Amino acid sequence: MRSGFGCLIGRPNTGKTTLTNALVGAKIGIISDRPQTTRHAIRGIVHRPDAQLVLVDTPGLHKPRTVLGQRLNDVVRTTLAGVDIVVWCVPANEKIGPGDRFIARELRQLRGCSLIVAVTKTDLAKPDQVAQQLLAASAEIDAEHYVPLSARTGAGVDTLLDLLMESLPAGPALYPDGTLTDEPEKVLVAELIREAALSGLDQELPHSVAVTVEEMTPRDNSDLVDIQAVLYVERASQKPILLGRGGERIKSIGTRARVQIEALLGNRIYLDLHVKVLGDWQDDPKKLQRLGF
């Protein structure tokens, strides 16, 4: 039996969460085309008869501009210190830049773990672009394997998973068979609401949105689960953007989130959403702690 931890690392918006979901075979992390969508180290568990991989999807490593950004980077570095395998995600359709080189420098300092480079989003690049990116990545860092793949189409995903499983150290299973994630349901529900809120928002507002689930209670004598959640923004001017004219946007957010949450919980839900202002929460340590960061 083999078991251990693997970590996906990369700058923001390189396809880490989409790849994590593809490897696990279930949606455990939210997806958006906005950078810094992932704000926690989300663990997904992959099971095989002779191996178990605990895969950690991390926030994008970046040059921080806020206290939140610094804490997200801390999450990445803490995760890197405790894994057996690191997968560096580099998108095939974008040239390697300063952000990628910053990560490569961090990875060169790692000791005691295997390194795999995944050239992601190959469905968005031509074959010669993919080949060039593989060469460019190999020039930046010496890895054990270089794998071109597309999490969206599935091409190359099984190859990466096989390599990850083969790289695990000997050890017993870390989680019961069938467990897909160890994230609390409240956290997953809050993330699904945030994913619904990110859809269609402008470039700046997504960074300012945080979600907490205040209550999640089964209703007596019913299969309904009552969920009350709060969407926080940083400025009063942002609140009407989330609410929309006549409350249309917040209703739309609730509708999109409800489908995903009911699939997650296996129950019908009543979702009660509220929007509140929590001034400059990204730069206030006490407010960040209140929001779970």
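Looking for whichever is of a type in the set (K, R), outside the structural domain of G10 (by TED's automatic domain parsing) and within 20 Å of the chain's Cα centre (by Cα) here; the options are R194, R235. Which one fits?
Within the list R194, R235, the selection yields R194.
Could you check the range 259-273 and list, in sequence order, the residues that are under 14 Å from R194 (Cβ atoms) and modelled with pLDDT of 90 or more?
I261, L271, L273
Taking only the range 248-278 into account, find how many residues are of a type outside the set (S, T, N, Q), loosely packed, with under 14 Cβ neighbours inside 10 Å and part of a helix (DSSP H, G or I).
4
Of all residues in the range 78-135, how many are in contact with a Pro (Cβ under 8 Å, 6 or more places away or on another chain) and among the basic types (K, R)?
Qualifying residue count, the range 78-135: 1.
Suppose we filter R219, R245, R235 for residues that are in contact (Cβ under 8 Å) with a residue 12 or more places away in the chain, farther than 23 Å from P184 by Cα and surrounded by fewer than 18 Cβ atoms within 10 Å (Cβ to Cβ); which single one remains?
Sole residue among the options that is in contact (Cβ under 8 Å) with a residue 12 or more places away in the chain, farther than 23 Å from P184 by Cα and surrounded by fewer than 18 Cβ atoms within 10 Å (Cβ to Cβ): R235.
Step by step: first the residues of the range 279-293, then only those that are acidic (D, E) and touching a residue at least 60 places away in the same chain (Cβ under 8 Å), then the one that is surrounded by the fewest Cβ atoms within 10 Å (Cβ to Cβ). Which residue is that?
Restricting to residues being acidic (D, E) and touching a residue at least 60 places away in the same chain (Cβ under 8 Å), the top hit is D283.
Got at least one residue in the range 214-227 being closer than 24 Å to N13 by Cβ, of a type in the set (D, E) and at pLDDT below 90?
no
Inspect the range 171-178 for any residue being more than 16 Å from the chain's Cα centre (by Cα) and without any contact (Cβ under 8 Å) to a residue 24 or more places away in the chain and give the result as yes or no.
Yes, some residue in the range 171-178 is more than 16 Å from the chain's Cα centre (by Cα) and without any contact (Cβ under 8 Å) to a residue 24 or more places away in the chain.
Of everything in the range 87-106, what is closer than 23 Å to G156 by Cα, out of contact with any Lys or Arg (no Cβ under 7 Å at 6 or more places or on another chain) and among the hydrophobic types (A, V, I, L, M, F, W, C)? Give them in sequence order.
Hits for the range 87-106 are V87, W88, V90, I96, A104.
Just checking, does the range 100-122 include any residue being of a type in the set (D, E, K, R), on the phi < 0 side of the Ramachandran plot, surrounded by fewer than 18 Cβ atoms within 10 Å (Cβ to Cβ) and not in a helix (DSSP H, G or I)?
yes
Condition first: of a type in the set (S, T, N, Q), surrounded by fewer than 18 Cβ atoms within 10 Å (Cβ to Cβ) and outside any loop (DSSP other than H, G, I, E, B). Now tell me which residues in the range 123-182 satisfy that.
If the condition is that a residue be of a type in the set (S, T, N, Q), surrounded by fewer than 18 Cβ atoms within 10 Å (Cβ to Cβ) and outside any loop (DSSP other than H, G, I, E, B), then Q129, Q132, S138, T159 are the ones that fit.
Scanning the range 29-53 for residues that are assigned to a loop (DSSP other than H, G, I, E, B) and surrounded by 23 or more Cβ atoms within 10 Å (Cβ to Cβ), which turns out modelled with the lowest pLDDT?
Checking each candidate, the answer is T38.
The values are calculated or read from the model by the stated rules, or taken from the named source; none is laboratory data. It should be emphasised that the depicted structure is a prediction, and the values quoted were computed from it without experimental measurement. Cβ sites come from the backbone with ideal geometry, for glycine too, and all protein chains shown count toward neighbours.
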